[in-house]
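There's a structure below that I have some questions on.
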Amino acid sequence: MGTLYLVRHGQASFGEQDYDRLSALGHQQSVRLGQYWRERGMTFDAVLTGTLRRHAQTWAGIAEGLGLAAPSAATPLLWPGLNEYDSEAVIATIHPHKLQKPDTPELYRHHFRLLRDGLTQWMNGVVSPRGMPSYSDFLAGVIGALDHVRQNFEGNVLIVSSGGPIATAVGHVLGTTPETTIELNLRIRNSALTEFQFNPKRHTLLSYNTLPHLDQPGLADWITYA
């Protein structure tokens with residue numbers, strides 16, 4: 001029996017030319033999560049991350065907060081199946097013109113309306129975003145990580161990934177529809193925790209999208225979504 005902790009990366013650079021890097025706040029969120037665990041004596045038997053820069057930077061922040069000084073102690077298993085889908089490619093399948101930078105509430109909502117529609121069509125096999133796997137292959141990458149954990153480990157295991165793979169993992173375990181998985185995806189917060197209990201046969205959901213490390217006075221403005 002073990003517990004799998006899935007962490008969405010800290011706040012990235014939404015709306016910028018290079019989204020795949022943490023903002024200063026994203027780094028603070030990650031360090032704070034590591035500090036929260038260190039205060040409680042948490043250790044991990046294994047760590048898996050996707051191969052994106054924001055995943056590596058989030059794990060680096062967590063490791064800093066945990067006080068892991070030795071480089072070998074902070075080296076995760078890189079798992080490409082935990083990488084996020086390409087949101088720009090998804091949107092381009094239904095909106096071929098370049099979007100304006102989402103710097104107003106209306107443009108922000110418009111971006112996510114298009115993303116929701118594009119994801120629905122991709123997950124149902126209607127569209128094939130350029131440079132992306134089919135949804136069945138994307139799902140297989142996530143399931144592969146879950147299977148690797150339950151087949152090889154006990155105790156505490158950490159996965160650092162993105163909203164799409166984490167929501168996909170939850171949807172797979174619960175057997176949700178694509179539409180429900182998308183809603184889970186679009187509501188997950190930066191540095192949020194999702195917990196599975198696991199044994200060699202299955203995973204069971206314990207919690208979703210929680211922020212215990214930010215639940216204290218003065219940190220309300222550290223809660224972000226993109």
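Go through the stretch 121-142 and report how many residues are in contact (Cβ under 8 Å) with a residue 12 or more places away in the chain, more than 17 Å from Pro80 (Cβ to Cβ) and open to solvent by 40 Å² or more (accessible area, probe 1.4 Å).
Qualifying residue count, the stretch 121-142: 4.
If you take the residues of the stretch 191-204 that are of a type outside the set (S, T, N, Q) and either open to solvent by 50 Å² or more (accessible area, probe 1.4 Å) or over 18 Å from the mean Cα position of the chain (by Cα) (or both), which of them is nearest to Gly34 (Cα to Cα)?
Here is the first cut: in the stretch 191-204, the ones of a type outside the set (S, T, N, Q) are 192-193, 195-196, 198, 200-203.
Okay, now just the ones that are also either open to solvent by 50 Å² or more (accessible area, probe 1.4 Å) or over 18 Å from the mean Cα position of the chain (by Cα) (or both), so 198, 200-202.
Values: Phe198: 22, Pro200: 27, Lys201: 29, Arg202: 27 Å.
Filtering the stretch 191-204 for residues that are of a type outside the set (S, T, N, Q) and either open to solvent by 50 Å² or more (accessible area, probe 1.4 Å) or over 18 Å from the mean Cα position of the chain (by Cα) (or both), the one nearest to Gly34 (Cα to Cα) comes out as Phe198.
Quick check on my filter: what residues within the stretch 166-184 are in contact with a Lys or Arg (Cβ under 9 Å, 6 or more places away or on another chain), of a type outside the set (Val, Ile, Thr) and open to solvent by less than 50 Å² (accessible area, probe 1.4 Å)?
Passing the criteria: only Ala167.
Taking into account only those residues within the stretch 25-81 that are among the charged types (D, E, K, R) and more than 16 Å from Gly10 (Cα to Cα), which is surrounded by the most Cβ atoms within 10 Å (Cβ to Cβ)?
In this case the residue turns out to be Arg38.
Separate question: Given the condition assigned to a helix (DSSP H, G or I), among the hydroxyl-bearing types (Ser, Thr, Tyr) and farther than 25 Å from Leu214 by Cβ, answer yes or no: does some residue in the stretch 70-92 qualify?
Yes - at least one qualifying residue is present in the stretch 70-92.
For the stretch 1-58: of the residues being out of contact with any helix residue (DSSP H, G or I) (no Cβ under 6 Å at 6 or more places or on another chain) and among the acidic types (Asp, Glu), which is modelled with the lowest pLDDT?
My answer is Glu16.
Residues in the stretch 173-200 that are among the β-branched types (Val, Ile, Thr) and under 17 Å from Val90 (Cβ atoms): how many? If you could, list the steps in order and put the result at the bottom.
Step one: filter the stretch 173-200 for residues among the β-branched types (Val, Ile, Thr), giving 173, 176-177, 180-182, 188, 194.
Then keep just the ones that are under 17 Å from Val90 (Cβ atoms); that gives 181-182, 188.
Matching residues across the stretch 173-200 total 3.
The values are calculated or read from the model by the stated rules, or taken from the named source; none is laboratory data. Everything numeric in this text was worked out from a predicted model, so none of it was measured. A quick note on method: Cβ atoms are made from the backbone with ideal geometry, for glycine too, and the neighbour counts reach across all protein chains shown. Surface areas here come from the heavy atoms of the whole protein model, side chains and all, with no ligands, DNA or RNA. Shrake-Rupley method; radii C 1.70, N 1.55, O 1.52, S 1.80 Å.
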